[in-house]
1. Any idea which residue in the stretch 10-43 is farthest from the chain's Cα centre (by Cα), counting only those that are within 13 Å of the ligand (Cβ to nearest atom), farther than 18 Å from ALA325 by Cα and among the aliphatic types (A, V, I, L, M)?
2. Six or more apart or on different chains, Cβ under 6 Å: which pairs go from a residue in the stretch 4-33 that's on the phi > 0 side of the Ramachandran plot to one that's of a type in the set (A, V, I, L, M, F, W, C) and near the ligand (Cβ under 10 Å from one of its atoms)? Could you list them?
3. Please enumerate the residues belonging to the stretch 92-107 that are touching a residue at least 40 places away in the same chain (Cβ under 8 Å) and over 10 Å from ILE60 (Cβ atoms).
4. For the subset of the stretch 118-165 comprising residues that are among the charged types (D, E, K, R) and assigned to a loop (DSSP other than H, G, I, E, B), which member is surrounded by the most Cβ atoms within 10 Å (Cβ to Cβ)?
5. Which of the residues spanning the stretch 5-39 are part of a strand (DSSP E or B) and out of contact with any Lys or Arg (no Cβ under 8 Å at 6 or more places or on another chain)?
6. Out of curiosity, is ILE249 under 14 Å from the mean Cα position of the chain (by Cα) and under 19 Å from ASP124 (Cβ atoms)?
Amino acid sequence: MKLLVTGGAGFIGSCFIKYILNNHQDWSIVNLDALEYAGNPDNLREVENNSNYKFVHGNICNRVLVSDIMHECDCVVNFAAQTHVDRSIVSPDAFVETNIKGTFNLLDAALKSGGKRFVQISTDEVYGSIEEGYFTENSQVSPNSPYSASKASADLLALSYYSTYGLSVSVTRCSNNYGPNQYPEKLIPFFITRLLNDKTIPLYGDGLNVRDWLYVYDHCSAIEKVILSGRAGEVYNIGGHCEKTNIEIAKIILNYFGYDESRIEYVEDRLGHDRRYAIDNTKICSELGWAPSMKFEDGIKSTIDWYVNNKDWIINAGKRALMLAV
Ligand SMILES: NC(=O)c1ccc[n+]([C@@H]2O[C@H](COP(=O)([O-])OP(=O)(O)OC[C@H]3O[C@@H](n4cnc5c(N)ncnc54)[C@H](O)[C@@H]3O)[C@@H](O)[C@H]2O)c1
């Protein structure tokens with residue numbers, strides 16, 4: 001299998017590339033990544049000399065480049081995206097550009113180069129907020145932020161390429177991931193790095209927003225199942241059934257470092273902040289035989305350990321982002 005992975009220098013994409021190269025010696029990967037602030041070549045040091053791996057520095061919106069690379073592959077796994085909700089509230093343009101137009105560009109190239117398998121990596125955020133119960137794949141999309149709206153748009157475009165042209169598209173909608181190599185603007189690495197710098201941890205609103213957490217390598221194994229056996233035209237929810245409020249996450253991380261709750265600083269809530277995300281993962285479990293393997297208590301400990309033991313990675317990630325911002 002020859003994969004075109006987009007956004008493979010980011011958090012989940014880089015873990016996915018390492019996971020696949022470790023588990024499939026006969027697969028090869030071309031990683032197309034624009035190296036935006038969250039894309040970090042350090043995430044891929046251990047595979048950069050692997051003969052089954054090739055990095056291409058480029059943008060998924062570049063039609064010529066994308067159609068050139070597309071010929072080399074059997075299957076596209078599209079991780080490339082602008083991913084931070086707060087940034088989408090301040091400047092949504094880049095989210096429309098990459099998440100919608102970039103996905104369209106990939107779909108069109110996949111179709112025009114003979115019809116490649118296409119796995120669109122999406123998020124549970126497209127369903128919006130739910131007070132009780134769980135979203136299934138048949139639930140209506142009802143996104144509330146420019147980020148989740150751009151992802152929902154890309155999902156619908158991707159599924160239309162199945163309905164209209166018969167392109168072999170599957171969409172995955174995963175809950176919040178945690179693990180190593182996540183750019184420290186997202187909740188868990190943000191809290192960890194703040195505490196490593198002896199600062200407080202800012203918590204939005206009352207801290208009672210609920211997210212379902214999944215260890216990143218469990219997400220990778222689910223995507224592998226979808227590539228191999230997922231049905232075309234179908235959506236697969238990927239979740240850990242591991243709901244935590246943000247304040248619970250804060251307390252777990254504080255506890256690891258031996259701090260009490262006086263380190264929490266309550267700050268004004270995010271605009272349009274979704275209260276609870278929760279998805280039903282029955283379909284992928286029963287149809288594709290997937291199950292998460294990492295217990296949250298073990299995964300969060302090893303995740304915090306990773307950041308504590310990789311302070312250079314944190315510093316370099318911050319420096320790269322600063323350099324890109326000027
Ligand atoms: N992090 C989560 O909890 C989570 C949960 C569910 C779904 N997702 C989805 O998974 C995917 C990966 O998320 P992540 O957390 O690894 O994101 P990330 O922000 O860590 O990485 C995104 C990657 O995409 C690259 N990129 C951005 N714009 C690009 C462009 N125009 N062309 C090429 N590359 C570009 C960046 O350089 C970066 O390497 C996203 O599509 C996201 O919506 C993430």
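1. VAL30
2. Close Cβ pairs satisfying both conditions: GLY7/PHE79; GLY7/ALA80.
3. PRO92, PHE95, VAL96, ILE100, LEU107
4. GLU137
5. Across the stretch 5-39, the qualifying residues are VAL5, THR6, LEU32, ASP33.
6. Working: under 14 Å from the mean Cα position of the chain (by Cα): no; under 19 Å from ASP124 (Cβ atoms): yes.
Against the criterion (under 14 Å from the mean Cα position of the chain (by Cα) and under 19 Å from ASP124 (Cβ atoms)), ILE249 does not qualify.
One line per residue, one yes/no per condition, for (1) over 17 Å from the mean Cα position of the chain (by Cα); (2) within 14 Å of the ligand (Cβ to nearest atom); (3) over 20 Å from ASN177 (Cα atoms):
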residue: GLU72; (1), (2), (3): yes, no, yes
residue: CYS75; (1), (2), (3): yes, no, yes
residue: ARG87; (1), (2), (3): no, yes, no
residue: ASP108; (1), (2), (3): yes, no, yes
residue: GLU137; (1), (2), (3): yes, no, no
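Table: residues versus (1) acidic (Asp, Glu); (2) touching a Leu at 6+ places or on another chain (Cβ under 9 Å).
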site: LYS54; (1), (2): no, no
site: ASP74; (1), (2): yes, yes
site: ALA94; (1), (2): no, no
site: GLN140; (1), (2): no, no
site: ALA149; (1), (2): no, no
site: ALA152; (1), (2): no, no
site: LEU157; (1), (2): no, yes
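Read the figures in this text as sums done on the coordinates, not as results from a lab. Note that the structure is predicted; figures quoted are calculated from it, not measured. Note that each Cβ is placed from the backbone with ideal geometry, even for glycine, and that neighbours are counted across all protein chains shown.
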